[in-house]
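> I am attaching a structure below and will ask some questions about it afterwards.
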Amino acid sequence: MGEWTDKAKGKVKETVGVATGDRSLEAEGKADTLKGNIKGKVEDAKRVIKDAVDGDNAPRRDADLNRP
C-alpha cells in the first residue's frame with residue numbers, strides 16, 4: 001500500500017485499539033503508521049538522489065543567460 005494509506009490505516013487501528021483496550025491492535029496500528037513513515041522517507045531519499053543525478057546532466061539555465 002502507499003505511504004498515506006499505511007499511515008491512515010495505522011492511525012485507525014491504533015485509535016480503535018486504544019478505545020477497545022486491544023493492545024495487539026494498537027501495536028499493529030503503530031507498526032502500520034511507522035511503515036507509512038518509512039515509505040515516505042524512502043520516497044524522499046529517492047527523489048533527492050534522482051534530483052542530484054538529473055541535476056548533473058541537465059543544462060544550466062544561468063550559463064545560457066551569460067552568453068554575449
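> Give the calculated FRET efficiency between Val16 and Asp44 to the nearest 0.05, with a Förster radius of 25 Å applied to their Cβ-Cβ distance. Each step should come with its number before you reach the end.
Working: r = 29 Å, r/R0 = 1.17.
It comes to 0.30.
> Shifting gears a bit: Is there a pair in Lys13/Lys39; Lys30/Lys50; Lys9/Lys46 whose C-alpha atoms are over 28 Å apart, and which pairs would that be? It would help to have the intermediate numbers written out before the result.
Working: Lys13/Lys39 18 Å; Lys30/Lys50 30 Å; Lys9/Lys46 24 Å.
As for pairs spanning more than 28 Å Cα to Cα, those are Lys30/Lys50.
None of the figures in this text is laboratory data; all of them are computed from the coordinates on show. On a predicted model such as this, the values are computed, not experimentally measured, just so you know. Backbone-built Cβ (ideal geometry, glycine too); neighbour counts: all protein chains shown.
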